[in-house]
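So the structure is just underneath, and the comments pick up after that.
Every read-out reported here was derived from the displayed coordinates using simple, explicitly stated rules and does not represent laboratory data. In this text the structure is predicted, and so the values were computed from the model without any measurement. Here the Cβ positions follow ideal geometry from the backbone for every residue, glycine too, while neighbour counts run over all protein chains shown.
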Amino acid sequence: MTCWETIGAYAFRSLGYGERMLPKSDFTLCQQFTLIGSGLIWNLYFGVLALAFGFFLANALALAKTSRHLWIRKPAEWFIFVFRGSPLFIQFFLGYQLFVLLPKTGIELWGITLQTDWLTKAWAGALFVLFLNTAAYSAEIFYGALMAVPKGDLEAADAYGITGFARFRRILWPTMLRLGWPAYTNEAIFLFHATTLVFFSSFPAFKQQGDALYYAGYFADKTYNPFIPYPIVGFYFICLTLLLTFGFSLVNRRLNRHLPSNQRARIRLRPQLIR
Amino acid sequence: MFSFCADPSTLDSTRWMLCYLTSGKHLLFYSSFGTVLLLLAVTAPVALAFGFGGAMAARSQNAPLRLFGKGYTSMVRGVPDIIFFMFFVIALDQALEWGLHQVLCPDWTDPIRTGLEFKVCPEAKVPPNSAAQIWHEVYGFTLAVVTFAIVFGAFAANVLYGAMSAVPRAQLETAEAYGMSQGQVFRRVLVPQMWVYALPGLSNLWLILIKATPLLFLLGVKDIVYWANELGSSKTDTFAYPHGDWKLWYFLGLLVFYLAFTRVSEVVLARLTRRLSRGQATMAGEAMRKAAA
């Protein structure tokens with residue numbers, strides 16, 4: 001098999017297309033690169049979707065945490081505490097057990113039957129857990145940024161007669177995003193790193209369709225040689241991290257475009273957000 | 001444990017629960033919490049030492065050493081930590097066996113790596129095949145501790161390197177002006193002042209370390225996740241205490257354990273920060289001085 005044929009056979013193996021059997025012996029470097037890269041599709045899927053959905057919930061939670069009403073503030077605080085205070089690994093296990101306990105036949109709700117069995121699959125269940133997890137972490141970042149909005153900005157808004165939702169949309173929210181963005185970049189990077197946990201917690205990989213680390217683990221198990229597959233995943237993730245940093249710094253530049261260049265927030269990579 | 005536990009099927013529900021929760025396997029489950037605490041107790045100082053060494057290397061005058069230090073501190077930035085965990089546990093084991101193999105069996109001619117296995121001579125096996133089960137577990141745990149220490153040492157090196165650069169340059173220059181050597185400046189001025197800058201990062205790291213302990217399960221140690229998984233799965237009538245799938249409750253217990261642990265740590269660390277900020281030339285120290293006056 002030439003390398004091109006290998007790529008053709010395994011490039012979308014993680015989604016179930018191409019060759020059904022994984023290589024069993026005579027492992028080539030090309031096979032390892034292709035299969036692990038194919039698994040990376042799942043990491044991208046989990047990371048991008050959890051981040052996209054989580055962003056909205058995080059904004060809502062951050063606002064709820066600043067609320068003056070106890071009944072709005074307390075649930076948000078507890079949600080953030082539970083998801084930030086416990087290991088993601090345990091959250092995956094717990095989430096999976098919860099989804100398994102849902103009735104197999106679905107839930108009857110106003111005459112409509114809601115199917116529940118897809119929640120026990122990784123593509124939905126793990127995504128749901130990751131979504132809640134990243135929402136909690138991001139909410140804490142946005143809450144901190146909201147608290148750091150300069151008082152002068154709000155006074156200026158008052159002076160111009162901007163109040164209510166207009167004040168939030170035009171003054172508070174953009175400033176919050178601008179202040180929180182460097183920390184949010186880190187959160188995004190570590191969310192992508194956390195996606196490697198999915199298939200090592202209780203979510204099963206059906207028909208050997210797993211993520212990048214799943215295939216790396218497969219090769220390491222088969223060859224007893226950790227020195228090739230793991231550096232390959234590492235390489236893929238370094239590329240992913242660089243790409244993410246680049247993308248987020250573009251947004252950062254846009255958020256900061258009205259500021260003089262010496263006051264702009266710089267994105268610094270800080271490994272502070274492992275779960 | 002109790003005398004009335006001899007025949008569980010005859011017990012009423014309260015006693016049944018009491019007997020169930022004190023069965024031999026449950027006692028192993030409880031002691032595995034000790035494993036987690038032991039891991040934390042051993043890993044934290046070792047990782048701190050690794051981090052200190054890494055940060056010193058990254059600041060060194062010697063170019064290769066500096067390169068090594070910088071590489072070590074930045075290795076955890078782009079790559080998920082779990083990859084390092086999976087990698088080091090096998091790599092360390094193989095490195096050890098390979099080294100022993102070179103020393104003990106110099107006349108061995110078969111290849112060690114055949115592409116499908118890793119084969120060293122029987123004398124070089126760690127621990128020896130004849131060793132008791134407990135030694136295999138101790139060895140597995142030790143590998144896990146070293147792996148944790150390497151990975152978290154890299155995190156700590158990052159924090160300490162930043163803290164060392166945060167000490168005001170004027171302090172070091174003053175010490176140099178008094179005629180102290182580089183080593184003296186480092187020991188007497190830089191290190192004592194660095195901790196207050198390092199503390200926020202180190203407290204964060206401690207919380208991260210607590211939350212990383214379930215990964216022991218992936219490294220093959222019989223930790224709390226292993227036992228929760230084992231005890232919670234449904235038991236048929238062939239077992240002394242048959243029950244359905246109780247995994248949810250066991251993992252809920254673990255969740256509460258971790259939440260309580262991180263909460264207590266947060267409170268203690270906040271106190272420690274206050275204590276260390278006293279009398280420091282930082283904003284927090286200044287605020288305390290003003291509050292007292």
Averaged over A:76-87, how many beta carbons belonging to a partner chain fall within 10 Å of each residue's beta carbon? 4
Per-residue ellipticity at 222 nm attributable to helices in chain A (runs of n ≥ 4 DSSP H, -39500 (n - 2.57) apiece, nearest 500 deg cm²/dmol) works out to -21500 deg cm²/dmol
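Tell me the net charge near residue A:164. Cut-off is 14 Å between Cβ atoms, residue A:164 excluded, with +1 for each Lys or Arg and -1 for each Asp or Glu.
+2
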If amide H atoms are modeled at 1.01 Å from N in the peptide plane, then the residues at a separation of 5 or more from residue A:22, or on another chain, having amide H under 5 Å from its own are none
In nm, to one decimal, how far is the modelled label at residue A:166 from the one at residue A:110, with both set 7 Å along Cα→Cβ? 3.5 nm
Expected integer from the mean partner chain Cβ neighbour count at 10 Å over B:224-230 is 2
Which residue, A:241, A:195, A:116, tops the fluctuation ranking in a GNM of chain A built on C-alpha contacts under 10 Å? A:116
Cα shape, segment B:15-292, gyration tensor, a/c 1.5 rule: oblate
Taking a ≥ b ≥ c as the square roots of the Cα gyration tensor eigenvalues, with a/c under 1.5 meaning rounded and otherwise prolate when a/b beats b/c, else oblate, which class fits the protein assembly as shown? rounded
Sum -39500 (n - 2.57) across every DSSP H segment of at least 4 residues in chain B, then divide by the residue count to get the 222 nm mean residue ellipticity, nearest 500. -23500 deg cm²/dmol
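Sorting check: for A:226-239, B:207-220, which peptide has the highest mean count of neighbouring beta carbons within 10 Å, and how do the rest follow? Display every interim value, and only then the final one.
Values: A:226-239: 19.3, B:207-220: 21.1.
In decreasing order of mean packing, A:226-239, B:207-220 become B:207-220, A:226-239.
Taking Rh as the Kirkwood radius, which is the inverse of the mean 1/r over Cα pairs, what is the Rg/Rh value for segment B:9-161?
Working: Rg = 21.4 Å, Rh = 18.9 Å.
Ratio of gyration radius to Kirkwood radius: 1.13.
With N denoting the number of residues in segment A:108-180, provide Rg(C-alpha) divided by 2.2 N^0.38 Å, to two decimal places.
On the way: Rg = 19.5 Å, N = 73, 2.2 N^0.38 = 11.2 Å.
Normalised Rg, Cα atoms only: 1.74.
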With a 10 Å radius around each residue's Cβ, average the other Cβ atoms per peptide and rank B:55-64, B:235-244, highest first. B:55-64, B:235-244
Can you compute 3J(HN,Hα) from phi for each residue in segment B:132-142, using the Karplus curve 6.51 cos²θ - 1.76 cosθ + 1.60 with θ = phi - 60°, rounded to whole Hz and x for Gly and Pro? 5, 4, 4, 5, 4, 5, 4, 4, x, 5, 4
Under the Karplus relation 6.51 cos²θ - 1.76 cosθ + 1.60, θ = phi - 60°, what is the ordered set of whole-Hz ³J(HN,Hα) values for segment B:230-245, x standing for Gly and Pro? 5, 6, x, 5, 5, 10, 7, 5, 5, 8, 5, 10, x, 7, x, 7
With springs connecting C-alpha atoms under 10 Å apart, model chain A as a Gaussian network and identify which of A:66, A:223, A:163 has the largest mean-square fluctuation. A:163
Segment B:35-90 to segment A:145-186: how many Å between their Cα centroids? 39 Å
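How much length is gained on full extension from residue B:25 to residue B:184, taking 0.36 nm per residue of separation minus their Cα-Cα distance? Working shown, then result.
Values: separation 159, 0.36 × 159 = 57.24 nm, distance 5.48 nm.
The residue B:25-residue B:184 span can extend by a further 51.8 nm.
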Let's test the formula: R0 of 25 Å, r as the Cβ-Cβ distance of residue B:60 and residue B:177. What FRET efficiency results, to the nearest 0.05? 0.60
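Please say if segment B:180-231 is rounded, prolate or oblate, where rounded means a/c under 1.5 for a ≥ b ≥ c the square roots of the C-alpha gyration tensor eigenvalues, and otherwise the choice is prolate for a/b larger than b/c and oblate otherwise?
Numbers: a/c = 7.02, a/b = 3.36, b/c = 2.09.
It comes out prolate by the Cα gyration axes.
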Residue-wise, which Karplus ³J(HN,Hα) couplings in Hz belong to segment B:148-153, taking 6.51 cos²θ - 1.76 cosθ + 1.60, θ = phi - 60°, and x for glycine or proline? 4, 5, 5, 5, 6, x
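What does the charge count near residue B:70 come to, summing +1 for each Lys or Arg and -1 for each Asp or Glu among other residues with Cβ under 12 Å from its Cβ? Before the final figure, lay out each step's value.
Details: positive: B:59, B:66, B:77; negative: none.
Summing Lys/Arg as +1 and Asp/Glu as -1 gives +3.
Calculate, for residue B:13 and residue B:103, the FRET efficiency according to 1/(1 + (r/R0)^6) with r their C-beta to C-beta distance and R0 60 Å; round to the nearest 0.05. Could you put the intermediate results ahead of the total?
Numbers: r = 61 Å, r/R0 = 1.01.
For R0 = 60 Å, the calculated efficiency reads 0.50.
In peptide B:88-99, what is the residue-averaged number of other protein chain Cβ atoms found within 10 Å of each Cβ? Write down the numbers at each step before the final one.
On the way: counts 2, 1, 7, 5, 1, 1, 4, 0, 0, 0, 0, 0.
If you average over the peptide's residues, the count of other-chain Cβ atoms is 2.
Counting Lys and Arg as +1 and Asp and Glu as -1, what is the net charge of the other residues whose Cβ lies under 13 Å from the Cβ of residue B:99?
On the way: positive: B:125; negative: B:93, B:97, B:123.
My count for the surroundings of residue B:99 gives -2.
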Candidate lysines for bridging to residue A:121, where Cα separation is under 21 Å - those fewer than 8 sequence places away on the same chain excluded: A:104, A:207, B:247
In a Gaussian network model of chain B with springs linking alpha carbons closer than 10 Å, the residue among B:154, B:44, B:228 that fluctuates most is B:228
Can you pull the one-decimal nm distance between simple spin-label points at residue B:288 and residue B:230, each 7 Å off the Cα toward Cβ? 4.6 nm
Sorted peptide list for A:206-218, B:30-42, criterion being average Cβ within 10 angstrom, highest first: A:206-218, B:30-42
Using Cα atoms only, what is the angle between the long axis of helix B:63-78 and the major principal axis of chain B, expressed in degrees (0 to 90) to the nearest 10? 50 degrees
Below 24 Å, Cα to Cα, which lysines can residue A:74 reach? Residues fewer than 8 away in the same chain don't count. A:65, B:211
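Estimate the FRET efficiency between residue B:33 and residue A:24 by the formula 1/(1 + (r/R0)^6), using the beta-carbon distance for r and 41 Å for R0, to the nearest 0.05.
0.50
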Using a 4.7 Å cut-off between beta carbons, which cysteines in the protein assembly as shown end up with no partner cysteine at all? A:239
